[in-house]
Amino acid sequence: MQARSTRNRKRSKRRQIFCPSHGCLVDSTSPKYPLYADQVEHLKQRGVGNKTARLVMANRTTVSLKGEWLEQFWCPECQNKYWYYIQETTPRCYTVSLAPVNLWQQVQGVILAQGNPSVGEFTRRQSKGVVYRGLSDV
Ligand SMILES: [Zn+2]
């Protein structure tokens, strides 16, 4: 039984990320933006004990959150691009939800490269890039 399920899983090498609204497969249109914790609260939200969380954050400014990132996807049903908050709960098993605005403050690349822009600015710039590429193909 175990061998069969392993073989089935190997048939598709593609990541299986589904639209939270439609359940259909969505295509990635951006790199992954890994998330980092920079507050004790961020760790506590993920089940780390209060004392441990304080100890960990005392020694550094940010802590990498393994298996969590923001990524933009195109949903063929919605005919739209969305930023999703992805959590890889177990290998190749993902929890997908629309990215809450406050999570952008935990994306390391954005903080370092842009010095804390508003989410609106960031997503506007991102989507512009995608539109230009699309137009040049026409
Ligand atoms: Zn959809």
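The values are calculated or read from the model by the stated rules, or taken from the named source; none is laboratory data. Just so it is clear, the model here is predicted, and its values are computed rather than measured. We place every Cβ from the backbone using ideal geometry, glycine too, and count neighbours over all the protein chains shown.
Overview of results
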| item | result |
| --- | --- |
| Condition met for Leu103 (under 22 Å from Phe18 (Cβ atoms), part of a helix (DSSP H, G or I) and within 15 Å of the chain's Cα centre (by Cα)) | yes |
| Test for Gln2: is it exposed (fewer than 15 other Cβ atoms within 10 Å of the Cβ), at pLDDT 85 or above and away from the ligand (no atom under 16 Å from the Cβ) | no |
| Counted residues, region 38-56 - those being at pLDDT 90 or above and touching a Ser or Thr at 6+ places or on another chain (Cβ under 7 Å) | 0 |
| Region 83-93, residues that are at pLDDT below 90 and within 16 Å of the ligand (Cβ to nearest atom) | none |
| Of the criteria (1) surrounded by 17 or more Cβ atoms within 10 Å (Cβ to Cβ); (2) away from the ligand (no atom under 16 Å from the Cβ), which one Gln72 fails | (2) |
